Amino acid sequence: MLRSKSPLLSLPGAVPAEGPDEGVAAHYGDLFREQRALADGSGFVDLSHRGVVTVTGPDRLSWLHLLLTQHVSELPPGQATEALILSPHGHIEHALYLVDDGETTWAHVEPGTQEALLGYLESMKFFYRVEVADRTGDFAVVHLPAGSIAGVPEGVAVRETAYGRDLFLPRERLEEFAAGHGPAAGVLAHEALRVEAHRPRLGLETDHRTIPHELGWIGTAVHLQKGCYRGQETVARVHNLGKPPRRLVFLHLDGSEVRLPGHGTPVRLAADGPEGRQLGFITTAARHYELGPIALALVKRNVPVDAALVADGTAASQEVVVEP
């Protein structure tokens, strides 16, 4: 799927991102400076490549409550949440980052996934008084880091969390906003802080068989006390048994290596050598301004938490994200 390029790629030093973040800047010439700025609460990140979906109508929250893993039937205006849509077998299909402004529920989603999401939502409308729309062409997502004192333009929907504020900014105002809210930080800086915070991302930390328990999405995106939704049987069964087949781990990578292991790189026990049995795979690797090279990986549940690991020749030590 071809995506339009952000006008902010014309800013000085902008280097285009590749892969799932194609269309915006990977960085603007100084990755670590951009990370430090975000960590200090200054600057912004252009996430205008992400999909934007809205739901309007008097039944919007009660209807979404039936479809999502999260409890949203009484979601107060302005309160941010996140939610998943699962397959009938409980595998993750969509991740939505939501806020309701009292009249409209706004969600941003992974780039390129909005069309499939919209198709599913349309198929589930039935007699409910709701309207769903793809607003990606009209609104751009802009991220302000936690601690930012930057002003938000009047009338702009805002999703505020512990990690910062996501703005649903009219696209025609993106360049004007950037001119008054610098410095710009690229998605590589944003991703490094996401990895540091152990936060999963659809399409990177997930594959076709990922369930929420493996990534620590239980509690943040899945409400265990709500009523029935597609895939709930799997969620309840695994929660009660306490045995997801895989678990997310945070890795400190050997800093002497020049290159980072790419997405999908096999993870093995260091004791077994480079041809040992594969125990998982790297999902996201990043260079952090303080921690050095770091990564998230999905490994088999029974991998010892103190085991030394290796990914494509790079030594890695674990920190537990999801308990085995």
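The values are calculated or read from the model by the stated rules, or taken from the named source; none is laboratory data. Just so we're clear, the structure is a prediction, and the values are computed from it rather than from any experiment. Here Cβ is always computed from backbone atoms with ideal geometry, including for glycine, and neighbour counts include all displayed protein chains. Just the protein is used for accessible areas: all its heavy atoms, side chains included, with ligands, DNA and RNA removed. Shrake-Rupley method; radii C 1.70, N 1.55, O 1.52, S 1.80 Å.
Figures for the structure shown
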quantity	calculated
Given charges at Cβ of Lys, Arg, Asp, Glu: the chain dipole, positive-most of Ser87, Ala308, Ala236	Ala236
Under-5 Å amide H pairs with Glu82, H placed in peptide plane, nonlocal only	Leu98
In order through segment 171-186: 3J(HN,Hα) via Karplus (6.51 cos²θ - 1.76 cosθ + 1.60), integer Hz, x for Gly, Pro	4, 5, 9, 5, 5, 4, 4, 4, 5, x, 10, x, x, 6, 10, x
Cα-projected label distance for Ser73 with Asn240, points at 7 Å along beta-carbon direction, nm	2.1 nm
Cα convex hull of the chain - mean projected area over all directions, nm²	16.5 nm²
Backbone HN-Hα couplings from phi across segment 296-301 [Karplus 6.51/-1.76/1.60, Hz, Gly and Pro as x]	10, 9, 10, 10, 4, 4
Accessible surface of the chain, 1.4 Å probe, proportion on carbon and sulfur as whole %	52 percent
Point-to-point label distance, His208-His252, nm (Cα→Cβ direction, 7 Å offset)	3.8 nm
Sequence-distant residues sharing a close amide H with Gly182 (under 5 Å, placed H)	none
Global form of segment 202-284, assessed from the alpha-carbon gyration tensor, a/c cut-off 1.5	prolate
³J(HN,Hα), Karplus 6.51/-1.76/1.60, whole Hz, each residue of segment 303-318, x for Gly, Pro	5, x, 5, 9, 6, 6, 10, 9, 10, 6, x, 9, 5, 9, 10, 8
For q = 0.16, 0.19, 0.23, 0.27 Å⁻¹, Debye-computed log10 I/I(0) when each Cα of segment 204-249 counts as one equal scatterer	-0.41, -0.58, -0.85, -1.15
Extension reserve of the Glu319-Gln225 stretch, reckoned as 0.36 nm per residue once the Cα distance is removed	30.9 nm
Label-point gap, in nm, between Arg173 and Val156 - each point 7 angstrom along Cα→Cβ	0.6 nm
Helix-only [θ]222 nm of the chain, DSSP H runs n ≥ 4, -39500 (n - 2.57) each, per residue, nearest 500	-4500 deg cm²/dmol
Other-chain or far-sequence residues with amide H under 5 Å of Gly164's (modelled H)	Ala146
Segment 1-85 - accessible surface per residue (Å², probe 1.4 Å)	43 Å²
